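Encoded as structure tokens, the structure appears first; notes follow it.
The values are calculated or read from the model by the stated rules, or taken from the named source; none is laboratory data. Quick caveat, the model's predicted, so the values are computed rather than measured. Note that each Cβ is placed from the backbone with ideal geometry, even for glycine, and that neighbours are counted across all protein chains shown. Ligands, DNA and RNA are stripped out before the accessible areas are found, and what is left, the full protein with its side chains, is counted by its heavy atoms. Shrake-Rupley method; radii C 1.70, N 1.55, O 1.52, S 1.80 Å.
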Amino acid sequence: MPGVMDGVRVVELATWGFIPSAGVALADWGAEVIKVEHPSHGDPMRGLVSAALAPPGEQPVSFMFQTFSRNKTSVGIDLTTDAGQEVLYRLVATADVFLTNYLAPVRRKLRVDVGDLLKVNPRLVYARGSGLGPGGEEADTGGFDLASYWSRGGVGYVSTPEDADFPPPMPGAAFGDLQSGMHAAGGVAAALFARERTGEPQVVDVSLLSTAVWGTAPHIAASSLYDIEAMPRGDHWSQHNPLSNTYRTADDRFVALVMLESDRFWAPLVELIGRPDLASDERYVDAAARREHSRACIEDLDAIFATRTADEWRVLLSRQRGVWAIVQTPAEVRRDPQVVANDYVATMRINDMAAVTVARPPVQFNGSRVEARPAPDLGADTDEVLLSLGYHWDELVELKVAGAIT
């Protein structure tokens, strides 16, 4: 079944994770995404290989590049040459969308800024990703998600326990890039819709900082009202509702309970877990009492949850209606029955020796998914794409000899 963006051509001139992750989302939705790279070195993400993770004797796989550039084609073009610029312009003339995370000075130098490309294609959707946004004195300052999203955007602050010596590291590599890239893909989709309605080109801007601002919206609102730095984060012992908390199991795993209507769930839960006496305990008889005696209630639940393993709690808690979850590792997440049943991940074979599980964009359409295809070798599709633009073989040879393409 065709994807919702079947027939949409996207030209991506971007490196690292942020905007390339937007390209992956668009490709998974059915768009043709052509990644333009320098003929000799390409996207530096290609070289990001964790050799320490590979078994001895095995060639490490750049799982990061596979994550951010699968389902794309690669065209090698040297944009510092006039011939290379002409190739890009001919490609953009056939495109619906142009994606880039190049800063404005570089875009101007390479003549790929908004005005340059709208002359080539007046209906183009031009999407820019940046660290700190297109306005302000620091618009031309570079950014990575650890700095622009996690640190400057406040996400690291609100993730730091109040008694911690240092903020925690980001939850994973490119964590902010992936969140921001999804916003960029959504912005492109909205811009394409507007273009179809109006016929007008659209310029889409998303920054790592803007994504962080959106993600910390409740903290920002509360800080403006009550003259505080952020909403209280609390800890295990400060939860007013003991049924909205996390508890350690006998095998040192964790169970998260999210039973916000605690009066509805308290009595059935304590009966199920073998402590019906707690339902009639005057300290815990209703939400107000449990709030007043929250530390004692949490201590009782700590002792109860420590008596069973995570697997035992999975079986037991599945017999009641309150919301709960085991805190899972990423390895468990990729095998989670719900993740598998909903095609949230896909197994993609890289070569005869290796296969990698990749996460799919979280938005689905009509229950269909594009098959995951490995990221291309540098310039692997240059000939095919340029021939489709009307170039002839002898012209390709001349361009290659001149170093304009690979």
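List of remarks:
- C-alpha long axis of helix 262-272 to longest principal axis of the chain, angle in °: 70 degrees
- The simple spin-label model puts a point 7 Å past each Cα toward its Cβ; for E162 and S40 those points are separated by 5.7 nm.
- Rounded D (µm²/s) - the stretch 1-159, Kirkwood Rh over Cα pairs, Stokes-Einstein at 20 °C, 1.002 mPa s: 126 µm²/s
- Length released on extending from K400 to I228, taking residue separation times 0.36 nm less the Cα-Cα span: 55.9 nm
- Principal-axis tilt of helix 82-92 within the chain, Cα atoms, nearest 10 degrees: 60 degrees
- Straight-distance crosslink candidates among lysines, where the alpha carbon sits under 17 Å from K72 and sequence neighbours closer than 8 are dropped: K35
- Net dipole in debye of the chain [+1 Lys, Arg Cβ; -1 Asp, Glu Cβ; about Cα centre; nearest 20]: 580 debye
- Charge dipole (the chain, unit charges on Cβ, about Cα centre) - positive-most of V363, A147, A222: V363
- Model label zone, N366; criterion: amide N under 13 Å from point 7 Å along Cα-to-beta-carbon; scope the stretch 28-43: 30
- Qualifying chymotrypsin sites (Phe, Trp or Tyr not before Pro) for the stretch 209-312 [loop in DSSP, other Cβ within 10 Å: at most 13]: W237
- Shape parameters for the chain, alpha-carbon atoms, Rg then Dmax in Å: 25.8, 89
- Proximal aspartates and glutamates relative to K119, as straight alpha-carbon distance under 15 Å, when same-chain residues fewer than 8 apart are discounted: E86, D96, E200
- Whole-percent carbon and sulfur share, accessible surface of the chain, 1.4 Å: 55 percent
- Remark: the stretch 205-343 projects, on average over all directions, an area of 11.6 nm² (convex hull of Cα atoms).
- Mean shadow area of the stretch 147-186, taken as a quarter of the surface of its Cα convex hull (nm²): 3.0 nm²
- Spin-label zone in the stretch 211-245 - amide nitrogen under 17 Å from a point set 7 Å from the Cα of A306 along the C-beta vector: 236-238
- For GluC sites (Glu not before Pro), the sites in the stretch 54-142 that DSSP calls loop and that have at most 12 other Cβ atoms within 10 Å are E58, E137.
- Pairwise FRET efficiency - R111 versus S238, Cβ, R0 = 51 Å, nearest 0.05: 0.35
- Dipole moment magnitude, nearest 20 debye, the stretch 155-235 about Cα centre, only Lys, Arg, Asp, Glu C-beta charged: 440 debye
- Subtracting the Cα-Cα distance of D336 and A93 from their residue separation scaled by 0.36 nm leaves 83.1 nm.
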